[in-house]
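Dropping a structure here in structure tokens format, bear with me for questions.
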Amino acid sequence: MANPSQYLKVDHFFKKDHPKRDLSIKILYIKSSFALLIGLILGIFKVSGAIGFMVFFSIQYLIGRIYCSQFNVPDYMLDKFEIFTEQIVPSFGLFLVFWTVAYTLSYPSD
């Protein structure tokens, strides 16, 4: 059975004044915007395969690191692994959609 204090932590996270919630929303917007741009650029320049995924993941990691270093995010809010994994799934889906659409529209006969 789960520890009751875990439920209190989860409940506290969804309150509007929780600082990590605001940070998570900001990172979501930034990473999603860059995922859209990266997908369009890689699709237009006909990048395919593992190179596209490596470019995406490296840029997403750099975005998180730069954001946390520029805005002095304390270590107790995001550790080094959380910087990379924070909001990676929605931005990865957005990247894949825009990469595929841009590639297909730019090179329809391939």
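What does the extension gain come out to for residue 53 and residue 26, with contour length at 0.36 nm per residue minus their alpha carbon separation?
Value of the extension gain: 7.4 nm.
Is there a quick way to get the dipole size of region 34-110? I mean about its Cα centre, with the Cβ of Lys and Arg at +1 and of Asp and Glu at -1; what is the value in debye to the nearest 20?
It comes to approximately 200 debye.
What does the convex hull of the alpha-carbon atoms of region 34-110 project to on average, in nm²? Numbers along the way, then the final one.
Numbers: hull surface 20.5 nm².
Averaging across all directions leaves 5.1 nm² for the Cα convex hull.
Every number here is computed from the coordinates shown, using simple stated rules; none is lab data. Remember, it's a predicted structure, so these values are computed and weren't measured experimentally. Using ideal geometry, Cβ is built from the backbone for each residue, glycine included, and neighbour counts are taken over all protein chains shown.
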